[in-house]
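The block underneath contains the structure these notes are about, expressed in structure tokens.
The values are calculated or read from the model by the stated rules, or taken from the named source; none is laboratory data. Predicted, not measured: the structure shown is a model, and the values here were computed from it. Here the Cβ positions follow ideal geometry from the backbone for every residue, glycine too, while neighbour counts run over all protein chains shown.
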């Protein structure tokens, strides 16, 4: 399995909440390692890889599979579509962005700012999503027939290779995390597992980390690592709050995370010379790790993040080197026994 081609296929798949193409793509990759695969009503996908020890504890590797997107909420008299957000969207990046409306067949559109008489926005400020339209080249009558209200919409899929091992695409938040877990399974292939390994790809993270709640309840792990993305430094950002693109996996340190799991990950990174950066958070993490940790009677949970530039935009950018470093640390953690010692 080649990491770049796998990541490309994941990113080109559609995963706005309510659309399960990306989940099905991830599931097909997961079937290379296990046939013990399950789904629930939210669209979460999880599977188990057994241990030779039938009494072995269960360790969960989790990443969310959904992406930010939009839903068609109104069609105005000029035929412009008006959208509501499915997840957090950076309004600064919407001007003239290309989108795909998920009708059958899909329809292409371009974000625009609605005519002045329809907008109350002052000059020199960024228009809100509610003050933008999407031009699909249709009259209102045509759009009313072709595009039902409630139709999901997303940034037009693309996957571009940049210099070095950097790639740019929509939905790298969090297909990069999904790819890291699948790459870890490749590293673990044909190795005896000291734990019962669970892998979950969860929905609705962008709507409030909802999917991880139900998936963790079903899996009932003893320990878990959530894999997500976090901010890589760009010129407009504070270096103290960012990782470095290409600098390795970001290890989360937070009072909401399990200290033993975190310290084990830190020690393993040192032991195996895996490049690691530290992301210190004073409270909760804002990721699926928060809900995994408080599921059921509680789960010892850690967090690994992949540095990503331009989060929640059509041009998210990551380094394959960082994804691979994350995969190696995940595999080491599993082989260590998931930090579950007597």
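Could you name every one of the strands (runs of 3 or more DSSP E) located completely within region 139-250 that has at least 1 residues being closer than 30 Å to residue 54 by Cα and in contact (Cβ under 8 Å) with a residue 60 or more places away in the chain?
Numbers: elements: 152-155, 159-161, 166-169, 196-202, 223-231.
By residue number, 196-202, 223-231.
Sort out for me the strands (runs of 3 or more DSSP E) sitting completely within region 19-104 that have 1 or more residues that are surrounded by 18 or more Cβ atoms within 10 Å (Cβ to Cβ).
Numbers: elements: 37-39, 45-49, 58-64, 69-75, 81-86, 98-101.
Hits in region 19-104: 45-49, 58-64, 69-75, 81-86, 98-101.
Suppose we filter 96, 44, 17 for residues that are farther than 23 Å from residue 202 by Cβ and touching a strand residue (DSSP E or B) at 6+ places or on another chain (Cβ under 9 Å); which single one remains? Lay out the reasoning, then the answer.
Values: 44 fails: farther than 23 Å from residue 202 by Cβ; 17 fails: farther than 23 Å from residue 202 by Cβ.
Every option except 96 fails the conditions.
Could you tell me how many of the residues in region 284-341 are part of a strand (DSSP E or B) and closer than 27 Å to residue 89 by Cα?
Here is the first cut: in region 284-341, the ones part of a strand (DSSP E or B) are 300-309, 316-319.
Retained after the next criterion (residues that are closer than 27 Å to residue 89 by Cα): 302-309, 316-319.
Summing the residues that are part of a strand (DSSP E or B) and closer than 27 Å to residue 89 by Cα in region 284-341 gives 12.
May I ask you to verify whether residue 53 is closer than 25 Å to residue 325 by Cα, in contact with a strand residue (DSSP E or B) (Cβ under 9 Å, 6 or more places away or on another chain) and modelled with pLDDT under 95? Talk me through it step by step, then tell me what you get.
Values: closer than 25 Å to residue 325 by Cα: no; in contact with a strand residue (DSSP E or B) (Cβ under 9 Å, 6 or more places away or on another chain): yes; modelled with pLDDT under 95: yes.
No: the conditions fail for residue 53.
Consider region 261-282. How many of its residues are loosely packed, with under 14 Cβ neighbours inside 10 Å, in contact with a strand residue (DSSP E or B) (Cβ under 7 Å, 6 or more places away or on another chain) and under 17 Å from residue 293 (Cα atoms)?
Total satisfying the criteria: 0.
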